[in-house]
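Colleague: Questions regarding the structure given below will be posed in turn.
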Amino acid sequence: MNGRFPRRHFFFGALAATVPVGGFGSTLSLKRLGYKSPNEKLNVAAIGAGGRAAQDIGGVAPTENMVAFADPDAKSAETTFNRYEKAAKYPDFRRMLDKEKDIDAVIIATPDHMHAMQAMWAMERGKHVYVEKPLTRTVSEARMLTEAAAKYKVATQMGNQGYSNEGARIAAEIVWSGEIGAVTEVHAWTNRPVWPQGLITMPAADTTPSTLDWDLWLGIANDRPYISGGPNYSNNGRYGFYNPFNWRGFFDFGCGALGDMACHVLGAPNMALNLTAPTSVECLKKDGVSPFQFPKKSITRFDFPARGSMPPVKVFWYDAMTEAAYRPKDLPAGEPLIGGAGSFGARGVASSGPGGPVDAPGAIPAGGVSGIPAPPGGVPGAATGGGAGRVGGGNASQTNGAVFIGEKGILTTDTYGGNVRLLPLERMTSYRLPPQSLTRSPGHYRDWIRACKGGDPACSNFSVAGPFTEWVLLGVVAVRVEGALEWDSSKMKFTNSAEANRYLKPEVRKGWSIR
């Protein structure tokens, strides 16, 4: 193995052929060794059952046993609850984890502010966890989960499916081959938010629906009245002022566009450039500022130090884009920046469409990772254009992506690290990929399932996902605080801003505890 490539980027072998086969949990030696036969089924529970959770469940259920669900919003969870009639159902995940003793692994797909508590409860009880991106809402919580995963020795995975993408590995191998030279800048962007942000007034409070346990939904967040927002915030019951979807735009519940998409779009740069902790972060521009929500639009800069033989690099993040945020001046007019003819999808295969499927079953839906299209006519305060992260076809395919600026050339990737290409297109006509140095993922969910059964760590396990999430969430803080923020990762603090340090840890209301 070439010493340039950190071990965290490699996957090794399948389970040992000597592991005996039997009904799940029936062989004591397996439990003692921490192995489960690939033929044994895990008993999997899910915290969250509607929205994105339903898609994660769909990615795991074909090969494993779904035995329990916890969701305080019965209306959102209704379809999943009905589909798995025999599974136990709970409003409160705490009761589920304490009562259901046969759970082996837990899927967590809830609003960001609850990820850390729910993952800690599961890991402390010896359960493997799959946690949707971003891993947590705050930096300190990400550090806590990274350390807890190592302590409890459970299998973990963050739901940034692009980390399992063939394209992300191709991009890394091209960069490491020296084809584009030392990379000194990355420009990455998204069309998110497709939900309201930058609001300055709150609608009137409403009566809480009988199908929603509002106190449980709030969890660790400060108490407040339920607000539906009325028809302006409803799209067939999906959006709502806070729940089940628009929570992403609120400081107390989500992480805005950075939290929603940076762990996808910046996955390939994080892998290819061996990004660690930045030394500084600054929000360069923001439009539509709100006292309780993320702005309508923002641009953020991260500065990373040299990493081994790689020089310092600047990473720029743009949200609310209706077109590509960066386009080289000499790129021929009409040539697409992201994707198009000649881009690499599956390894060694040039294709005009998006890269190969991230996973099957449970692949990323055509409507984007959220699986929820923008409502007709938009929503108040939302950025417009581009749909909900669709890839392929027309201008929409350019509204999520990343550009690597190297000393000898330029490389681009799409939303999930696919559609890898060198610019301009003529450079691809005779290009041959470098030798494969990274092993490939069997699929994002299968990767985690294999790890749960004693196999190799999943591609985005918390030793990878935790540090990645930490530096992304520094940008979330920068959006709320003016000026360049100097970061000391070893002390987990900003050295020049007491205000920014306030946002590194969550506020937890009385009666709740993360651990």
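Colleague: Using the Cα atoms as the points, what is the convex hull volume per residue of the range 208-328 in Å³?
Modeller: On the way: hull volume 19.7 nm³, N = 121.
Spelled out: Cα convex hull of the range 208-328, divided by residues, is 163 Å³.
Colleague: How long is the gain from residue 507 to residue 94 if the chain were fully straight, where each residue apart is worth 0.36 nm and the alpha carbon distance is subtracted?
Modeller: Values: separation 413, 0.36 × 413 = 148.68 nm, distance 1.95 nm.
That works out to 146.7 nm of additional length.
Colleague: Cut-off under 24 Å on the C-alpha distance; same-chain residues fewer than 8 positions from residue 151 excluded. Which lysines are left, in chain and number order?
Modeller: 31, 36, 99, 101, 127, 133, 453, 491, 493, 505
Colleague: I need to check one value: relative contact order of the range 254-348, counting alpha carbon pairs closer than 8 Å and at least 6 residues apart, in percent.
Modeller: On the way: 93 pairs, mean separation 18.4, N = 95.
For the range 254-348, the relative contact order is 19 percent.
Colleague: Pop the C-beta distance of residue 223 and residue 182 into the FRET formula with R0 = 41 Å and round what comes out to the nearest 0.05.
Modeller: Details: r = 51 Å, r/R0 = 1.25.
My answer for the efficiency is 0.20.
Colleague: Then there is this: In nm, to one decimal, how far is the residue 330 label point from the residue 150 one, both placed 7 Å along Cα→Cβ?
Modeller: The modelled label-to-label distance comes out at 4.5 nm.
Colleague: In 10 Å bins starting at 0, how do the alpha-carbon pair distances of the range 287-338 split up by percent?
Modeller: 18, 31, 34, 16, 2
Colleague: Between residue 108 and residues 5 or more places away or on another chain, which pairs have amide H atoms under 5 Å apart, with H built 1.01 Å from N, and which residues are they?
Modeller: Under 5 Å from the amide H of residue 108: 47, 130, 131, 132.
Colleague: Select from 468, 411, 435 the residue farthest towards the positive end of the dipole of the range 405-475; place +1 on Cβ of Lys and Arg, -1 on Cβ of Asp and Glu, and compute about the Cα centre.
Modeller: 435
Colleague: Moving to a separate point now. How much length would be gained if the chain were fully extended between residue 102 and residue 41, taking 0.36 nm per residue of separation minus their Cα-Cα distance, in nm to one decimal? Mind showing how you got there, number by number?
Modeller: On the way: separation 61, 0.36 × 61 = 21.96 nm, distance 1.20 nm.
Taking 0.36 nm per residue and subtracting the Cα distance, the gain is 20.8 nm.
Colleague: Here's something else I'd like to know. Label point 7 Å out from residue 79 along Cα-to-Cβ: which residues of the range 243-267 have amide N under 14 Å?
Modeller: In the range 243-267, the label zone of residue 79 (backbone N under 14 Å from the point 7 Å along Cα→Cβ) covers 244-245.
Colleague: Could I ask something else about it? Using per-residue counts of other Cβ atoms within 10 Å, averaged over each peptide, order 218-230, 287-299 from highest down.
Modeller: Values: 218-230: 16.4, 287-299: 18.7.
Ranking the peptides 218-230, 287-299 by packing returns 287-299, 218-230.
Colleague: Also, quick follow-up: List the residues of the range 459-489 whose backbone N lies under 17 Å from a point placed 7 Å from the Cα of residue 307 along the Cα-to-Cβ direction.
Modeller: Under 17 Å, as judged by backbone N against the label point of residue 307, lie 459-475, 487-489 of the range 459-489.
Colleague: Here's something else I'd like to know. Please turn the phi angles of the range 101-110 into ³J(HN,Hα) values with the Karplus equation 6.51 cos²θ - 1.76 cosθ + 1.60 (θ = phi - 60°), one per residue in order, whole Hz, x for glycine and proline.
Modeller: Computed from phi, the couplings for the range 101-110 are 7, 9, 5, 9, 8, 9, 8, 10, 9, 10 Hz.
Colleague: Another question, then. Along the range 78-86, what does the Karplus equation 6.51 cos²θ - 1.76 cosθ + 1.60 (θ = phi - 60°) give for ³J(HN,Hα), rounded to whole Hz, x for Gly and Pro?
Modeller: 3, 4, 5, 4, 6, 5, 10, 4, 7
Colleague: Something else about it: Give the calculated FRET efficiency between residue 124 and residue 206 to the nearest 0.05, with a Förster radius of 41 Å applied to their Cβ-Cβ distance. Write out the running numbers ahead of the final one.
Modeller: Values: r = 36 Å, r/R0 = 0.88.
The formula returns an efficiency of 0.70 here.
Colleague: For residue 463 and residue 407, compute 0.36 nm times the residue count separating them, minus their Cα-Cα distance, and round to one decimal in nm.
Modeller: Working: separation 56, 0.36 × 56 = 20.16 nm, distance 3.06 nm.
This chain segment gains 17.1 nm when fully extended.
Bear in mind these aren't lab numbers, they're just calculated from the coordinates by the rules spelled out. Since this is a predicted model, take the numbers as computed values, not measurements. For neighbour counting, all protein chains shown are included, and Cβ atoms are generated from backbone atoms with ideal geometry for every residue, glycine included.
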